[in-house]
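Below is one structure; the comments refer to it alone.
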Amino acid sequence: MLKPKKKISRKEIKKDPVLEKIAQIEHIVREKSKVILYIAAAVVILLVLSFAMIRSKQNANRQASGELGIAELTLASGDIDNAVIQLEAITEKNPNTKNAGMATILLGQAYILKDDYEKAEVCFRSYIKDYKDDNLLTAAACNGLGACNERAEDFKQAAVNFEKGGNISSYKFLKDECYINAIRAYIKTGNVEGADRLLKMISAEDLDYRMKTQFDILKASLEVLRG
C-alpha cells in the first residue's frame, strides 16, 4: 500500500484511518489526472468534499449519501465519464439538498479533469448561487472558480475568487491553498500590493512541502517583480 502524502498538518487532524483512505484516493486522482497545471485545485476540492461528507453523515439522506460516495470513488479511480453521469443523477434526484450541493462541486471537479472548464465554471457558480450553505464548500467552489478563471487567463478575476475562497475558509489547509493561488494570479497581473498582502498572511513554517515550495517560488517571483 502506498503511503499517502501529507496534505494538512498533524496539528489540524489526528491520525485516522478514514482520513488516511481519503489521502490515498487523492493520490490516485493526482496520478491519473491529465491536468497537471491545475490539479492542486481539483485535489483540494476532492479532499474538502470528503471531509464534508464525513461531517454531514448523520444529517444526510442515507441512500443519496451512498450514491455520492460511489460517485466520488468512481471519480477517484479515473472513470471520469461515469462519475459525471452518477453526479448528474444525484443533482437531478435530490435538488436543493446538501448531497446535491456536494455533487455539484464534485461535478465541477470532474469537468476540470476533463479539461472542460466552461462546464466546470457553471457548476461552481451554481453552488455559490443556489447552495452556499457551508463555508467549507463555498470556499472550495470559489477556489475551483478561480482555477477556471486562471485557465481562461482572466488572472484579475482569478485572484478575486481565490482570495474570496481563502477569506471564507475556516480550514487552514484550504485557506493557505486559496491564498497561494491568489498570490500567483496577482503576480501575473503585476499587482505587487495584493500579492504581498496575502504573502504576509501565510505562515510559511506551517506549510507542507508542496505548498512551501510554491510559497518560496512565489516569494522569489514577487521580489523580482518589485525590482
- Message: For the range 134-177, give me the residue count where each residue is of a type outside the set (Gly, Ala, Ser) and touching a residue at least 60 places away in the same chain (Cβ under 8 Å).
- Response: 11
- Task: State yes or no: is residue 117 assigned by TED's automatic domain parsing to the domain that holds residue 77 and within 23 Å of residue 187 (Cα to Cα)?
- Result: yes
- Query: Is it true that residue 105 is in the same structural domain as residue 71 (by TED's automatic domain parsing), within 20 Å of residue 159 (Cβ to Cβ), of a type outside the set (Ser, Thr, Tyr) and surrounded by 24 or more Cβ atoms within 10 Å (Cβ to Cβ)?
  - Reply: no
- Assuming residue 160 fulfils every condition listed in (1) farther than 21 Å from residue 106 by Cα; (2) crowded, with 20+ Cβ neighbours inside 10 Å; (3) within 16 Å of the chain's Cα centre (by Cα) apart from one, which condition is it? (2)
- Name the pairs: first residue in the range 104-133 and touching a residue at least 60 places away in the same chain (Cβ under 8 Å), second residue of a type in the set (Asp, Glu) and surrounded by 16 or more Cβ atoms within 10 Å (Cβ to Cβ), Cβ to Cβ under 7 Å, at least 6 apart or on different chains? 106/72
- Message: Tell me whether the range 126-134 contains one or more residues that are among the acidic types (Asp, Glu), outside any helix (DSSP H, G or I) and either touching an Asp or Glu at 6+ places or on another chain (Cβ under 7 Å) or at pLDDT below 90 (or both).
- Response: yes
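The values are calculated or read from the model by the stated rules, or taken from the named source; none is laboratory data. Fair warning: this is a prediction, and the values are worked out from it, not measured in the lab. Cβ atoms come from the backbone with ideal geometry, glycine included; neighbour counts cover every protein chain shown.
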